[in-house]
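Since the structure comes first, as structure tokens, the remarks are kept for the end.
What follows is calculated from the coordinates using simple rules that are stated; it is not laboratory data. Because the structure is a prediction, the values reported are computed rather than measured. When we count neighbours, we look across all protein chains shown, and the Cβ atoms used for this are built from the backbone with ideal geometry, even at glycine.
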Amino acid sequence: MYKTAFLKLKNLLKEIGSNIVFIPAVGGFFGSVLAVIMYFMEDFGISSFLIERLPYLVINNYDTASTLLSTFSAGVLSILVFSFSMVMLLLNQAGTNFSPRVLPGLISVKRHQYIIGLFLGSILYNTIVLVGLRPTTDKYQLPGFSVLLGIAITTFCLFAFIYFIDSISSSIQVQNIISKIFGQVKDRMAYIKEDEGNYNDELNVTESWTWIQANDSGYLQGILDQDLLEFAQENKVEISIDRIEGAFIMEGENLVRISKELNDEQVEMLLNCLIINRKGEDIDQNYLYGFKQITEIGVRAMSPGVNDPATAITTIEYLTELFAFKMTMNEGFRYLKDDKEQVWVQLRSVTLKELLYQIMVSYRTYCKHDMSCVQKLLIMLLKLKSLPYATEEQRKTIDAEIDLLNFDVKENIKNPTDLAFYKSIQENSHQPFIQQ
């Protein structure tokens, strides 16, 4: 029972930690705690110590201290409001020009959350210290060090604001957005490739295996690999998950097959190792979301309202490298094994054929009328086909996509010069131009 509760708590903490308000809230909390700590520090005479040794650093006038703190709080609050307004404006622009699906990735940038947390912490610190100020004729009774620390924190906020402006302006550029998604996808794929090993033998799944139904509806966002492997080892049960990560799951739908019967508590523990919800797309859990987001940026760039073929071509270039890496991974299933190389869990993974078709069908639908894009798609497919590690099955898959692309090009591009140039690319794929 305690393990089920632990898994639920782990998932809850992970969800809280990924929430965009978590870090700013922590920053505000620490600002408040620091102000309270400074009250206790004053009892140890820290202000009097500074006044006697560095009097020019300490403000011992009540009116000056209260004016400074109130000004600082109002100033940082204005910066916070301006930062929020700027973020909303840029996010609206990104959602319109690129894809609404990239917004969670932009909002969740940790460095921006830390800066907002610093602003909030500074406001609360200065406010609490200001409330604690009392008029006095004794210069040793005024919390001078607390005021000095407030000045230092506010000064740091000003430099952080300059960095924030530069960072948020840079992060909204489409090249940086695509590059970030690409990096996340590549890292996740590399992790899976390293973890999956060189296993080609599937578990011996038979009709006697028991189905477990989903206990909730939503997207299969990802798998807690280590937790699932430990569960399988502890309960001596082999597990097969036949649904692809990212698929929509209905409550009561057959989801997992197990080699032996489990009690209700064990079933609940197993299902807690699967992340099923309707929330945002986490690329760190499922790299397919990254392929999807890059594709949507490229497709939206070809819409009449945006009309940006250069961005669409950039997305194709990034997808070329991702597909090349995908071709080095296991097809069909990935496996979780123990230290003795025994496979306990097999997870259904998307094949190159499935993934390439879904990506290409989007580009062919919206870019088939644009010669610059279709020739880039053809170059991508020819590059993938020419890779030395491409298998015969993978080359057949790529040839099928080339045939589909050729059909759409002939149906939608009628200029004979364009068609001749397109044909020349296909016939001269060995030339350096294709490899650039």
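How far apart, in nm, are two points set 7 Å out from the Cα along the Cα-to-Cβ line at Ile162 and at Glu207?
7.5 nm
Run the quick spin-label model on Lys410 and Glu265: label points 7 Å from Cα toward the beta carbon, then report their separation in nm to one decimal.
It works out to 6.6 nm between the two label points.
Rounded to the nearest 0.05, what FRET efficiency is calculated for Glu230 and Tyr389 with R0 set to 41 Å and r the Cβ-Cβ distance?
The pair Glu230/Tyr389 has a calculated efficiency of 0.75.
Once R0 is set to 30 Å, what does the formula 1/(1 + (r/R0)^6) return for the Cβ-Cβ distance between Lys279 and Asp242, expressed as a FRET efficiency to the nearest 0.05?
Step by step, r from the Cβ atoms, then E = 0.80.
About its Cα centre, how strong a charge dipole does segment 265-344 have in debye, to the nearest 20, once Lys and Arg get +1 and Asp and Glu get -1 at the Cβ?
About 240 debye.
Please list the non-local residues whose amide H lies under 5 Å from the amide H of Phe333, H modeled 1.01 Å from N, same-chain partners needing a gap of 5 or more.
Ser349
Expressed in whole Å with the largest first, what are the equivalent ellipsoid semi-axes of segment 346-436 derived from the C-alpha gyration tensor as the square root of 5 times each eigenvalue?
24, 17, 10
With θ set to phi - 60° and the Karplus curve 6.51 cos²θ - 1.76 cosθ + 1.60, what are the ³J(HN,Hα) couplings of segment 146-155 in order, to the nearest whole Hz, using x for Gly and Pro?
4, 5, 4, 5, x, 5, 5, 5, 5, 4
Amide H to amide H, which residues 5 or more places from Ile249 or on other chains are under 5 Å from it, using H placed in the peptide plane?
Gly218, Tyr219, Leu220
Can you list the aspartates and glutamates whose alpha carbon is less than 12 Å from that of Lys193, not counting same-chain residues fewer than 8 positions off?
Within the straight-line limit of under 12 Å, Lys193 reaches these aspartates and glutamates: Glu331.
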